[in-house]
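Asker: Have a look at the structure that comes next, please.
What follows draws every value from the coordinates through simple rules; no lab data is involved. No experiment lies behind these values; they were computed from the predicted model shown. As a convention, Cβ positions derive from the backbone with ideal geometry for all residues, glycine included, and neighbour counts pool all protein chains shown.
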Amino acid sequence: METAYSRPESVPADFPGRDRLVAAIDDAVGLGRPQAIAAALRLALTRLIRDPEVALPDCVQAPVADHYARRELYRSPAHGYSVVAMTWGPGQGTPLHDHSGLWCVEGVWQGELDITQYELLERAGERFRFRAAGGVHAGSGSAGSLIPPHEYHTIRNASADGIAISLHVYQAPLDTCSRFCPLGGEWFVREAVRLTTEAA
């Protein structure tokens, strides 16, 4: 398995409004069905992003030069979900990737992100044929969700000179995923990637 980048594992962070954030996520996760959880979490994140009593830790303002930064802020001992803040330097983004079958809800905390979803058309061994199935230019305060099998996507900071920050709630810690490297046309080859986090 390939390592995307190597950094020390994170320690869950304390920050203003963390208990309020965790309570809202717990309430949504208690709904049970992925579609109901995602809908409730999208609403909760759009509200929490605008809440003046909730502020992410200062560390999320620090981009990393050669990749977008992942910082785990909380991992639920009761429900198993993980909350990760991502910091995107100007122009930083992801390749086409999946979430290893986990649902995820993502909110833009600061800046703007371009998100492109892909439809899987065909598979031949480790070769996959994808087609872009729509894109979203997401600004601060917006939230979206990915529920398998509709989990293939890319994310990119839309700004050439500013950072973007997003908050991701994963069904479980996302420690591995698949990324898809272009072969030509609509064909990609899958590579397994181990994900790590910066210290929070």
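Asker: Using just the helices of the chain, give the 222 nm mean residue ellipticity in deg cm²/dmol: DSSP H runs with n ≥ 4 each add -39,500 (n - 2.57), and the total is spread over all residues, rounded to 500.
Answerer: Computed ellipticity for the chain at 222 nm equals -4500 deg cm²/dmol.
Asker: Okay, next question. Using the number of other C-beta atoms within 10 angstrom as an exposure proxy, rank Trp103, Trp187 with the fewest first.
Answerer: Ranked by crowding around the Cβ, least crowded first: Trp187, Trp103.
Asker: For a footprinting-style exposure proxy, rank Glu53, Glu186 by other Cβ within 10 Å, fewest first.
Answerer: Working: Glu53 8, Glu186 14.
Ascending Cβ contact count within 10 Å gives the list Glu53, Glu186.
Asker: Let me ask another. I want the antiparallel fraction of DSSP beta bridges within the stretch 2-194, as a percent rounded to 5.
Answerer: 95 percent
Asker: Against the longest alpha carbon principal axis of the chain, how many degrees, from 0 to 90 and to the nearest 10, is the axis of helix 34-49 turned?
Answerer: 50 degrees
Asker: Quick one: compute the contact order of the stretch 2-194, relative version, from alpha carbon pairs under 8 angstrom and 6+ residues apart, as a percent.
Answerer: Taking the mean separation of contacting Cα pairs over the length of the stretch 2-194, I get 26 percent.
Asker: If I fit a long axis through the Cα atoms of helix 18-29 and take the longest principal axis of the Cα atoms of the chain, what angle between them do I get, 0 to 90°, rounded to 10?
Answerer: Value to nearest ten degrees: 50.
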